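Q: There's a structure below that I have some questions on.
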Amino acid sequence: MSLRSRLSGPDGHPPGTASQPANGTGATGATGARGAEGAEATARLVPAYRTKLLEEIDLAEMSALTPAERRSRLERVLGHLISREGPVLATDDRDLLIRRVVDEALGLGVLEPLLEDASVTEIMVNGPDQVFVERAGRVAQVPVRFASHEQLMQTIERIVSTVNRRVDESNPMVDARLPTGERVNVVIPPLSLTGATLTIRRFPRAYRLDELVRLGTLDDAMVLLLSAFIRARFNVIVSGGTGSGKTTLLNALSGLIPETERIITVEDAAELQLQQQHVIRLETRPPNVEGKGRVTVRDLVRNSLRMRPDRIIVGEVRGGETLDMLQAMSTGHDGSLATVHANSAEDALMRLQTLASMSEVEIPFPALQDQINSAVDVLVQLARFPDGSRKIVEISLLASHGRETFQIASVCRFRARPMTPDGRIFGTFEHLPVTRRAADRLTMTGESVPPAFGVAAPDSRLTTREAGGATG
Ligand SMILES: Nc1ncnc2c1ncn2[C@@H]1O[C@H](COP(=O)(O)OP(=O)(O)OP(=O)(O)O)[C@@H](O)[C@H]1O
Ligand SMILES: [Mg+2]
């Protein structure tokens, strides 16, 4: 029997009403007890109904539906099933049973409601008894728990199997992705001493620069400056700590790239949502179950150079690909963008140097310095504040050449005011003169320095600082 014919009756009513069998009172059921006891009895029915429901539905048909439609379809089918075959349940228990079975059928069990909550940006499961969520940048525990370690492991296995991976003792750490795009990381014992842990990052919503201005991440003058840099094909590195908004800013900045250019994006897990027409998106692939077929960011960066890119955007540099990216940036693929995990502009340069030295080619330190000096033009430093806001705390230009020690010229800095009584952070973005070299380059490409910044006096070194001694 097809699902459609089964659903053609007068449904859509709340579960437990119209299609209740004649003997069903719809009242409190045989025990008459609602509450813990009823909930427990209901919980015992979940596995059987989950199996029945899966037998009943047409998976191909389901996959064409939106998540909301999918849920309501499952709820209706299950309502019919319970009416047809099930015990008589109190309306509340029946609703609870339907909810739990459908949650499990949709794959993420007790996490489903959290995933549906648009204000939740991150879900962190630390073993079966502890679930935390992040909302508006703040992390708090929620009253959600898995029935057991086994149930949590089932959920994890379901997630991991959709990306053809396996999680077990010999493979205890896995990255995966939900069909809806969310990034998932799993670590199970023995690596995790806290029990099986699951971290789900909501697929980041794309912000435009003007929206980021409204959120206080940067100001209008900074938008003008960054726009000029991007149009003038400066190479830009966005740096920041975990969750500081690097990918979000990279995405917004990418929106400034002209439509006429061919853009290639390289990411470990595709998150960027570029609006341009001519974009090629490349994503890495983990090894399969036999440990074969792995494609790394480095492979993709190297390959992208053979694809005639106008710009290369690397989601995040983390390893040997850094050298390839720096080489690309300094040899004709200027105007490229990347992010790196670092806590300051100095730190970002050091990190690029360390990462570039991780490639198998042994490159002496001064040569790496040369490479970075000629590749990197602009550093944009982000930070995440205790109130959950993300701000650009510094925009700086790399003012050193060749094998010189890095010289950083700050053109913008965030000055925080004391925290407000309700814990919020405000401040001002201080604008400083742009180096002459950068200003000349902007002028040459038909851009100009926004008046809020101005241009430094010739040979002015007033605002530059040194980063990293020339060691090695
Ligand atoms: N400027 C911003 N203001 C407020 N929230 C932001 C901002 N930028 C990003 N976020 C939110 O912060 C979270 C993390 O953002 P994003 O993925 O861009 O950070 P990230 O630095 O790239 O993180 P990771 O280190 O994991 O790569 C997302 O939920 C995103 O919506
Ligand atoms: Mg990121």
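Q: Exposed loop sites here are GluC sites (Glu not before Pro) in DSSP loop states with at most 12 other C-beta atoms within 10 Å. What is the longest stretch of the chain lacking them? Let's see the in-between values first.
A: Working: sites that count: Glu169, Glu259, Glu290, Glu360, Glu362.
The longest uninterrupted stretch comes out as 1-168.
Q: Can you compute log10 of I(q)/I(0) for region 377-472 with the Debye formula, treating each Cα as one identical point scatterer, at q = 0.11, 0.12 Å⁻¹?
A: Rounded to two decimals, the profile gives -0.41, -0.48.
Q: What longest range of the chain stays clear of loop-exposed trypsin sites (Lys or Arg not before Pro) (DSSP non-H/G/I/E/B, at most 16 other C-beta within 10 angstrom)? Each step should come with its number before you reach the end.
A: Numbers: sites that count: Arg34, Arg145, Arg166, Arg205, Arg208, Arg262, Lys292, Arg294, Arg403, Arg424, Arg461.
With a cap of 16 other Cβ atoms within 10 Å, the longest stretch comes to 35-144.
Q: Using +1 at the Cβ of each Lys and Arg and -1 at the Cβ of each Asp and Glu in the chain, identify which of Gly243, Thr296, Phe453 lies farthest towards the dipole's positive end.
A: Of the candidates, Phe453 comes out farthest on the positive side.
Q: How charged is the neighbourhood of Asn288? Take every other residue with its Cβ under 9 Å from the Cβ of Asn288, and add Lys/Arg as +1 and Asp/Glu as -1. Can you show the working numbers first?
A: On the way: positive: Arg165, Arg285, Lys292, Arg294; negative: Glu290.
Value of the local net charge: +3.
Q: What does the convex hull of the alpha-carbon atoms of region 112-201 project to on average, in nm²? Provide the component values of the computation, followed by the final result.
A: Details: hull surface 22.0 nm².
Computed as one quarter of the Cα hull surface, the answer is 5.5 nm².
Q: When we measure straight from the Cα of Lys391, which lysines land under 25 angstrom away, once same-chain ones fewer than 8 places off are left out?
A: Counting by Cα, and skipping residues close in sequence, Lys391 has these lysines nearby: Lys246.
Q: Would you compute, from DSSP H runs of 4+ residues alone, the mean residue ellipticity of the chain at 222 nm, taking -39500 (n - 2.57) per run and dividing by the full residue count, rounded to the nearest 500?
A: Numbers: 15 runs with 159 residues, N = 472.
That comes out to -10000 deg cm²/dmol.
Q: Continuing with the same structure: Calculate one ³J(HN,Hα) per residue across region 88-103 by plugging θ = phi - 60° into the Karplus curve 6.51 cos²θ - 1.76 cosθ + 1.60, and present them in order as whole Hz with x for glycine and proline.
A: 7, 10, 4, 3, 4, 5, 5, 4, 5, 4, 4, 4, 5, 5, 5, 4
Q: If you bin every alpha carbon distance in the chain into 10 Å steps from zero, what whole percent lands in each bin?
A: Going out from 0 Å in 10 Å bins, the chain shows 4, 17, 23, 21, 15, 10, 6, 3, 0, 0 percent.
Q: Take the alpha-carbon centre of region 348-380, take the same for region 241-283, and report the distance between them in whole Å.
A: When both Cα centres are located, 22 Å separates them.
Q: Mind sorting Thr331, Thr339, Thr197 by how few other Cβ atoms lie within 10 Å of their own Cβ, fewest first? Display every interim value, and only then the final one.
A: Working: Thr331 11, Thr339 25, Thr197 21.
Least crowded to most crowded, the residues run Thr331, Thr197, Thr339.
Q: Using a Förster distance of 22 Å, how high is the FRET efficiency between Asp440 and Glu466, based on the Cβ-Cβ distance and rounded to 0.05? Walk me through the numbers on the way to the answer.
A: Details: r = 23 Å, r/R0 = 1.04.
Computed FRET efficiency for Asp440 and Glu466: 0.45.
Any read-out appearing in this document is the output of simple, stated calculations on the displayed coordinates, not a laboratory observation. Just so it is clear, the structure is predicted and the values come from calculations on it, not from any experiment. Neighbour counts are summed over all protein chains in view; Cβ atoms, including those assigned to glycine, are modelled from backbone coordinates with ideal geometry.
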